Amino acid sequence: MTCASRCRGGRAGRKPQRGFIDNESWIASSELVLMYFNQPGVKMWWKLRRGSFNPRFRKFLESSPAPKVVTFVEIMGGSAVTQTSH
């Protein structure tokens, strides 16, 4: 499931405020969304599609810092993989 389908229209940014999910779940979910949002391909896509999301959700994505989660791009690029010698 993509962020666009899970977060369509910015509803994700309001869930903890309305009590739909607990804070711990919200933190984990938002960190995952922000990890994907901060990947290069998604950033390119966002420039083209940001207007189809509500302003509150756009503000949430665009003003939140990138989480310190290893991304797929980093894993594939090798920057997150450490090699050890035996």
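The values are calculated or read from the model by the stated rules, or taken from the named source; none is laboratory data. These figures come from a predicted structure and were not determined experimentally. Positions of Cβ are generated from backbone atoms using ideal geometry, with glycine treated the same way; all protein chains shown enter the neighbour counts.
Being among the hydrophobic types (A, V, I, L, M, F, W, C) and farther than 22 Å from Ile75 by Cα is the filter; apply it to segment 25-45 and report the residue that is surrounded by the most Cβ atoms within 10 Å (Cβ to Cβ).
Taking segment 25-45 and keeping what is among the hydrophobic types (A, V, I, L, M, F, W, C), we get 26-28, 32-35, 37, 42, 44-45.
Narrowing further to those that are farther than 22 Å from Ile75 by Cα: 26-27.
On the way: Trp26: 16, Ile27: 13.
Going through the qualifying residues, I end up with Trp26.
List the helices (runs of 4 or more DSSP H) inside segment 14-86, counting only whole elements, that have at least 1 residues being at pLDDT below 85. I'd like the intermediate steps shown before the answer.
Numbers: elements: 15-18, 23-37, 40-49, 55-63, 72-77.
In segment 14-86, the matching helices (runs of 4 or more DSSP H) lie at 15-18, 72-77.
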Looking only at segment 51-75, which residues are surrounded by 13 or more Cβ atoms within 10 Å (Cβ to Cβ), more than 12 Å from the chain's Cα centre (by Cα) and polar (S, T, N, Q)? Asn54
